[in-house]
Amino acid sequence: MDFLTLFAIYIAVVLTCIVLVCKYSGQKQNPLNIFLSCTAKVFAPITPKWLQRFSQWTMHRLFHQRNNTFIYLQILLEAAVYAEFTYEVFGFCRDMDTTLTSLSVPYILLAVKTVFFYLCIKKDPGTVTMKNVSSQLYLYPYDKRLFHPGVTCPTCKLIKPARSKHCSVCNRCVRRFDHHCIWVNNCIGGQNTRYFMLYLFSVCAMAGDVSLLTVDMLLHAVLRSGLLRASYVDEHGQQQPAGPVFIIQHLFLTFPRIIFMLGFVVFVFFLLAGYALFHSFLVLVNQTSNEWYKSRGFSCQHCRPTSTADHLCGTAPSRRYFYSRGLLRNLGEIFFPRQPFRKKHT
């Protein structure tokens, strides 16, 4: 019974984390921030001033300044997963006659992911500067809902092109701004969204393949051990067949590190798979996550058409996805980004 309680708590915590991260991703006011703020207020009278200042400095540096902390954390987590996979799962799979081709796939995916990860970190997302702002003003039309002509960035002192946004972390304006990703320590914009999407899919494929190989190894371990035909004596002296609960408990006790590694990888897979599907939808309708977040609940019902083609807000209610130009063109815009117009000198 103690094992069942522990296992139920483990599953509940994983599922709760997935739901909360998906629900509150990108929101400044979320349960974690509220909890940390309330906790800080409660313990403020008994917390030394130097510790309060250190905590504030740490939080500010982690989430409001560019730093490589989350890059190192990601590399550390990947190293831990692959060390466990190589040290235990790989050997068990070889004993089960799993082909080297199948076992090499996770390492190939790791190399592919690393390439896209590096490109996300190093590629300029599309910084708007004094030199290129005049050419970038014509990349996209203003929708007059989220983006209006003549608006100036108060920090950069530049006229903001449509779909651009100032990133307070990077301290720059980025064209076709999507979001700032702390995991790559860079903004995701017009020039590197393609690498970010490929990075997401490669991580999902990597986590999925490691999970499948690990589950296959555990299933073979159960079949070879004969647990499906085994029985045990309960506390009443009755002989009982080994059911699913007994088998899971046996696996936890026999392969504890593998089971927890598998739980973490499955959590990462479902979390990033949902995130990748969300961004895939945005790609297909040619919308950024910044635009999606700002336009939630937006409606043109307050507008009254002055003609069949004109609306007071300048857009038609059917054009919720103002910048969508069709499936193929939307995909082409991601993988072959628009380039600023350059004036020819005569």
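The values are calculated or read from the model by the stated rules, or taken from the named source; none is laboratory data. The shown structure was predicted, so the numbers you read here are calculated from the model rather than taken from an experiment. Counting neighbours? That spans all protein chains shown, and the Cβs are built from the backbone with ideal geometry, glycine included.
Some points to look at:
- Annotation: of all residues in the stretch 194-211 being among the hydroxyl-bearing types (Ser, Thr, Tyr) and within 18 Å of residue 107 (Cβ to Cβ), the one that is farthest from the chain's Cα centre (by Cα) is 211.
- With respect to (1) within 30 Å of residue 106 (Cα to Cα); (2) exposed (fewer than 13 other Cβ atoms within 10 Å of the Cβ); (3) at pLDDT 90 or above, the lone exception for residue 256 is condition (3).
- Residue pairs meeting the criteria (Cβ under 9 Å; at least 6 apart or on separate chains; first in contact (Cβ under 8 Å) with a residue 40 or more places away in the chain and of a type in the set (Phe, Trp, Tyr), in the stretch 132-144; second loosely packed, with under 14 Cβ neighbours inside 10 Å and part of a loop (DSSP other than H, G, I, E, B)): 138/341
- The listed residues are 52, 56, 74, and the only one of them that is surrounded by 14 or more Cβ atoms within 10 Å (Cβ to Cβ) and farther than 25 Å from residue 219 by Cα turns out to be 74.
- Taking the stretch 23-88 and the helices (runs of 4 or more DSSP H) fully enclosed by it, the elements with 2 or more residues that are within 30 Å of residue 258 (Cβ to Cβ) and modelled with pLDDT of 90 or more are at 69-84.
- Residues that are surrounded by 20 or more Cβ atoms within 10 Å (Cβ to Cβ), closer than 22 Å to residue 266 by Cα and of a type in the set (Phe, Trp, Tyr), drawn from the stretch 193-211: 196, 199
- Residues in the stretch 238-258 that are assigned to a helix (DSSP H, G or I) and either touching a residue at least 12 places away in the same chain (Cβ under 8 Å) or among the aromatic types (Phe, Trp, Tyr) (or both): 11 in all.
- Against the list (1) of a type in the set (Val, Ile, Thr); (2) more than 17 Å from residue 294 (Cα to Cα); (3) touching a residue at least 12 places away in the same chain (Cβ under 8 Å), the condition residue 152 fails is (3).
- Scanning the stretch 113-131 for residues that are surrounded by fewer than 17 Cβ atoms within 10 Å (Cβ to Cβ) and either at pLDDT below 95 or among the charged types (D, E, K, R) (or both) yields a count of 5.
- Picking from residues in the stretch 152-186 that are among the β-branched types (Val, Ile, Thr) and more than 21 Å from the chain's Cα centre (by Cα), the one that is nearest to residue 138 (Cα to Cα) is 159.
- Test result for residue 138, modelled with pLDDT of 95 or more, loosely packed, with under 14 Cβ neighbours inside 10 Å and out of contact with any strand residue (DSSP E or B) (no Cβ under 9 Å at 6 or more places or on another chain): no
- Filter pass, residue 218 being touching a residue at least 24 places away in the same chain (Cβ under 8 Å), crowded, with 16+ Cβ neighbours inside 10 Å and closer than 30 Å to residue 258 by Cβ: yes
- Flag if residue 102 is in a helix (DSSP H, G or I), under 30 Å from residue 321 (Cα atoms) and more than 21 Å from the chain's Cα centre (by Cα): no
- Hits in the stretch 177-192 (condition: farther than 20 Å from residue 67 by Cα and crowded, with 20+ Cβ neighbours inside 10 Å): 190
- Any chance residue 202 is over 16 Å from residue 277 (Cα atoms), of a type outside the set (A, V, I, L, M) and either touching a helix residue (DSSP H, G or I) at 6+ places or on another chain (Cβ under 8 Å) or without any contact (Cβ under 8 Å) to a residue 24 or more places away in the chain (or both): no
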